[in-house]
Amino acid sequence: MASSPLFAPPYYAVIFTSLLAEHTKEYDETSNETYELAQGQPGFLGVESVRDAGGQGATISYWRTEDDVKNFRKIATHRHAQKRGREAFYERYEVRVAKVEKEYAWRRKEDGVGEYVRE
């Protein structure tokens with residue numbers, strides 16, 4: 001997973017963890033369409049996603065406000081993707097919404113010495 005950009009707090013993180021029933025081309029297409037939809041929404045800041053070979057995954061999307069999170073959830077295309085996920089893609093999933101009030105990061109520089117990017 002590539003490192004994520006830093007955003008100026010406060011903002012919201014939607015943490016979606018899941019177990020795929022089966023990894024299919026349709027799942028990949030639906031996931032990509034949902035990401036493209038999110039990118040065009042007000043308040044969308046970014047996303048990180050990982051999935052292991054066993055189908056366990058986590059996707060974290062970042063939003064400026066709680067209302068931005070709620071508004072994305074109401075979009076018909078997103079609702080259809082959620083329904084399709086329950087019908088065909090997932091054995092289970094969990095969603096958590098959290099307000100991020102502080103963040104910091106550490107990066108190794110080219111000379112091998114690390115530095116905090118923001119603290």
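Taken over region 16-42, the criterion of being outside any helix (DSSP H, G or I) and farther than 24 Å from N71 by Cβ is satisfied by L19, L20, A21, E22, H23, T24.
Taking only region 84-113 into account, find how many residues are part of a loop (DSSP other than H, G, I, E, B), closer than 17 Å to V14 by Cα and hydroxyl-bearing (S, T, Y).
0
When S61, S49 are checked against the criterion of being assigned to a strand (DSSP E or B), hydroxyl-bearing (S, T, Y) and surrounded by fewer than 16 Cβ atoms within 10 Å (Cβ to Cβ), a single residue qualifies: S49. Just so you know, in region 64-83 the residues that are among the polar types (S, T, N, Q) and not in a loop (DSSP other than H, G, I, E, B) include one that is modelled with the highest pLDDT, and it is N71. Considered as a group, the residues in region 1-15 that are in a loop (DSSP other than H, G, I, E, B) and not hydroxyl-bearing (S, T, Y) include one that is surrounded by the most Cβ atoms within 10 Å (Cβ to Cβ), and that residue is F7.
The values are calculated or read from the model by the stated rules, or taken from the named source; none is laboratory data. Computed from a prediction, not measured in an experiment: that's the story for all the values here. In this analysis, Cβ positions are derived from the backbone assuming ideal geometry, glycine residues included, and neighbour counts consider all displayed protein chains.
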